[in-house]
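Step one of this worksheet: look at the structure below.
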Amino acid sequence: MAVSVSIFILAYTGNLKIIILMATMTPWYLYLIRTADNALYTGITTDVARRYKQHQTGKGAKALRGKGELTLAFAAQVGDRSLALRIEYRIKQLTKRQKECLVTERETFEALLASLQTPTLKSD
């Protein structure tokens, strides 16, 4: 997980330093790319524009090389890397028709995302 840390020294009195560490997590995004033959490729990244450009120039996933014109069909911020991996896995299990619903109906994606964010309780 990419984390940037900022250190601030608030006060310095003798041997006492008051230090605050602020950590910010890099947001992760889920994206779907449509190929020339209308297939949908699912991936995750911290920078959609950079990753899309990599795919377009043949420097991304091998699955997209030689697939003709690529268009970005969908992108959404999903949270941290762990959640991004879970939702990517879940979407890759969907049928083409279900993936098309995610692209055209934002509520469908939001519901899927919410279901993966909600912790499940295990009964003993």
Residues whose modelled amide H sits under 5 Å from the amide H of Ala73, counting only those 5 or more places away in sequence or on another chain, are Leu32, Ile33, Arg34
I want to check the label-to-label distance for Gln77 and Leu116. Put each point 7 Å from Cα in the C-beta direction and report it in nm to one decimal. 1.7 nm
Taking the convex hull of Cα positions in segment 28-117, its mean projected area over all directions (nm²): 5.3 nm²
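Computed from the coordinates by the stated procedures, all read-outs in this text should not be read as laboratory data. Note that the structure is a prediction, hence the values are computed from the model and not measured. Heads up, the Cβs are rebuilt from the backbone with ideal geometry, glycines too, and the neighbour counts pull from every protein chain shown.
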